[in-house]
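Asks: Okay, here's the structure, questions in a sec.
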Amino acid sequence: MVFNSYTFVIFFAIILGLHNLPISWKAKKINLLIASYLFYAAWNPPFILLLWLSTVVDYFVGRALYKQPNKRKRHLLLVVSLIGNLGMLCFFKYGSFILENFVMLINAIGLDYHPAQPNIILPAGISFYTFTTLCYTIDMYKKESKPVKSLLDFSLFVTFFPHLVAGPIVRPPQLVPQFETPRKATSQQLLNGLLLLTLGLFMKVVCADTLLAATSDAVFGSSGTMGPLDAWAGVLAFSGQIFFDFAGYSTAAIGVALCLGFILPQNFLYPYAAIGFSDFWRRWHITLSSWLRDYLYIPLGGNREGKFRTYINVMITMLIGGLWHGANWTFVAWGGLHGLYLWMERAWQQRNVKATRLPDNNNPPHVMATASFEPVLPEKRNGGFLYALFTFLLICVSWVFFRSATFADAWRLLNSMAGQAPPSGPPLLTTAAILQVTIVVSLMLAFHWFMRDTTVLKTAAKLPWWLLSVIWAVLLILIILSQGTSKSFIYFQF
């Protein structure tokens, strides 16, 4: 079941009605849990068992980890959780990828080995709920939070349908306490939630699917070279499409949860207004980047063990972040390219810090004081918009690897963007399509820059009620008119 469907509208209306009935809080939580399983079962019902198994194992292992005083047994319990969670993730998501690369390696050394191709179906959202349960058991091992009191609350934490399939990636302290006491949306929360849901659907249905998807698919689906104008139009279209698609889902998810009285963490903060690449990762898929920081980068040593180790830790983090997105080396290349961007930015910043450092060295560089893989950059300064535009263009280059199925496809498109390859045929895109992409992406960038230090709800609160009503009505009308062109969310495949 997807947010951008009439089925979900009926489903959500029923859930909203049940949640506001005068029944016990436990009964409401059971309703939400059943609804979450039904929401997930819409893709493939048997995979509910996989979700249930992950939930039950991590609930009991987490409690045992917190209470177990024996260090060796605690290590063993943590290994059980890691094997269970990462084992399922590796089998379903990376099984075919691992086998394919193993066969290539064996054939490269002269052995003729051709096994039968496995028929593995990827469970929807497995990357998201695996990271959700993993952070719980790791926190229990480190005793950074207390165990969840009931299996019902933990099950609802893992499967709560707004975030289940494509995030935001929530952590126990962010959501579990909200299940412990009765919650019901206030009238203002309900209005804000419906507004966010509408905005999220507008971003997905109208902006991503109706205005940008066709151009993106045409360029990335082409098997030949093309002119620079066509190539750049396609890449810019995908840059807008991936943002509107994923941020649209997150915005809708946060809105749906808010309608029920629950608060989910922010996942996007106008990332294309980022001044630098560290700033980008503080604004793009925030819950994933913070997860990688806290559960991978910092345990690796962060920036506490010297300059060389810092650079290695940054690259490892970004490579794994790329692989998390999909079982393809192009995703690894995308992550590695962002790691390279962060390397260059850190080196550039440290060079500037040294150039301006006081002679007595009493003021250490601010960048080294943070325990994040993100070097700190000033939010605004002279030329900030130009630097943000430069950042956006380099991010667009990285999207070529993210979207391309193979490296050959990526290099062909990059050569076309650089004008290094003559077009293999007539222009791929019409003037109208290129103009449409240019207008949509330009408006997106302007909106990001204007909104980079605020939020939609804060801005909406300042508008006259009649103007907000008109804008809201226009969004709804455009969603309804564009519904026939809508597709599944891109991040469902991850």
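Asks: What are the residues in the range 157-174 that are surrounded by 23 or more Cβ atoms within 10 Å (Cβ to Cβ) and either touching a strand residue (DSSP E or B) at 6+ places or on another chain (Cβ under 7 Å) or outside any loop (DSSP other than H, G, I, E, B) (or both), if any?
Replies: F157, V158, T159, F161, P162, H163, P172 - these are the residues of the range 157-174 that are surrounded by 23 or more Cβ atoms within 10 Å (Cβ to Cβ) and either touching a strand residue (DSSP E or B) at 6+ places or on another chain (Cβ under 7 Å) or outside any loop (DSSP other than H, G, I, E, B) (or both).
Asks: Out of curiosity, is D217 assigned to a helix (DSSP H, G or I), without any contact (Cβ under 8 Å) to a residue 60 or more places away in the chain and not hydroxyl-bearing (S, T, Y)? Walk me through how you get there before you give the answer.
Replies: Values: assigned to a helix (DSSP H, G or I): yes; without any contact (Cβ under 8 Å) to a residue 60 or more places away in the chain: yes; not hydroxyl-bearing (S, T, Y): yes.
In short, yes.
Asks: Give F238, F220, F202 a once-over and let me know the one that is in contact with a Leu (Cβ under 8 Å, 6 or more places away or on another chain), in the same structural domain as I286 (by TED's automatic domain parsing), surrounded by fewer than 21 Cβ atoms within 10 Å (Cβ to Cβ) and among the hydrophobic types (A, V, I, L, M, F, W, C). Spell out the reasoning first.
Replies: Values: F238 fails: surrounded by fewer than 21 Cβ atoms within 10 Å (Cβ to Cβ); F202 fails: surrounded by fewer than 21 Cβ atoms within 10 Å (Cβ to Cβ).
Going through F238, F220, F202 in turn, just one is in contact with a Leu (Cβ under 8 Å, 6 or more places away or on another chain), in the same structural domain as I286 (by TED's automatic domain parsing), surrounded by fewer than 21 Cβ atoms within 10 Å (Cβ to Cβ) and among the hydrophobic types (A, V, I, L, M, F, W, C): F220.
Asks: In addition: Can you confirm whether the range 424-432 contains a residue that is in contact (Cβ under 8 Å) with a residue 40 or more places away in the chain and either exposed (fewer than 11 other Cβ atoms within 10 Å of the Cβ) or among the β-branched types (V, I, T) (or both)? Can you show your working first?
Replies: Applying the first criterion (in contact (Cβ under 8 Å) with a residue 40 or more places away in the chain) to the range 424-432 yields 424-425, 427-429.
Still in the list and also either exposed (fewer than 11 other Cβ atoms within 10 Å of the Cβ) or among the β-branched types (V, I, T) (or both): 425.
For the range 424-432, residues in contact (Cβ under 8 Å) with a residue 40 or more places away in the chain and either exposed (fewer than 11 other Cβ atoms within 10 Å of the Cβ) or among the β-branched types (V, I, T) (or both): present.
Asks: Only one of these is in contact with a Gly (Cβ under 9 Å, 6 or more places away or on another chain) and exposed (fewer than 14 other Cβ atoms within 10 Å of the Cβ): L49, L111, L53, L86. Name it. Step through it out loud before you land on a result.
Replies: Details: L49 fails: in contact with a Gly (Cβ under 9 Å, 6 or more places away or on another chain); L111 fails: in contact with a Gly (Cβ under 9 Å, 6 or more places away or on another chain); L86 fails: in contact with a Gly (Cβ under 9 Å, 6 or more places away or on another chain).
None of the others qualify; the one that does is L53.
Asks: Anything in the range 297-318 that is under 30 Å from N101 (Cα atoms) and buried (at least 19 other Cβ atoms within 10 Å of the Cβ)? List them, or say none.
Replies: If the condition is that a residue be under 30 Å from N101 (Cα atoms) and buried (at least 19 other Cβ atoms within 10 Å of the Cβ), then Y297, T310, N313, V314, T317, M318 are the ones that fit.
Asks: Return the residues of the range 16-54 that are among the hydroxyl-bearing types (S, T, Y) and modelled with pLDDT of 90 or more; say none if nothing qualifies. Show your work before the answer.
Replies: Step one: of the range 16-54, the residues among the hydroxyl-bearing types (S, T, Y) are 24, 36-37, 40, 54.
Answer for the range 16-54, where residues must be among the hydroxyl-bearing types (S, T, Y) and modelled with pLDDT of 90 or more: S24, S36, Y37.
Asks: Regarding L152, is this residue without any contact (Cβ under 8 Å) to a residue 40 or more places away in the chain and among the aliphatic types (A, V, I, L, M)?
Replies: Details: without any contact (Cβ under 8 Å) to a residue 40 or more places away in the chain: no; among the aliphatic types (A, V, I, L, M): yes.
So L152 does not fit the description; no.
Asks: Could you go through the range 11-32 and let me know if any residue there is hydrophobic (A, V, I, L, M, F, W, C), in a helix (DSSP H, G or I), touching a Gly at 6+ places or on another chain (Cβ under 9 Å) and crowded, with 16+ Cβ neighbours inside 10 Å.
Replies: We begin by selecting, within the range 11-32, every residue hydrophobic (A, V, I, L, M, F, W, C); these are 11-16, 18, 21, 23, 25, 27, 30, 32.
After this cut, where a residue has to be in a helix (DSSP H, G or I) as well, the list is 11-16, 18, 25, 27, 30, 32.
Retained after the next criterion (residues that are touching a Gly at 6+ places or on another chain (Cβ under 9 Å)): none.
No, the conditions are met nowhere in the range 11-32.
Asks: For the range 60-98, which residues satisfy the criterion of being among the hydroxyl-bearing types (S, T, Y) and either more than 12 Å from I138 (Cα to Cα) or not assigned by TED's automatic domain parsing to the domain that holds L152 (or both)? Talk me through it step by step, then tell me what you get.
Replies: So the first thing to find is which residues in the range 60-98 are among the hydroxyl-bearing types (S, T, Y), and the list is 66, 81, 94, 96.
Correct list: Y94, S96.
The values are calculated or read from the model by the stated rules, or taken from the named source; none is laboratory data. What you are looking at is a predicted structure, and each value in this text was computed from that prediction instead of being measured. Every residue, glycine among them, receives a Cβ derived from its backbone with ideal geometry; neighbour counts consider all protein chains shown.
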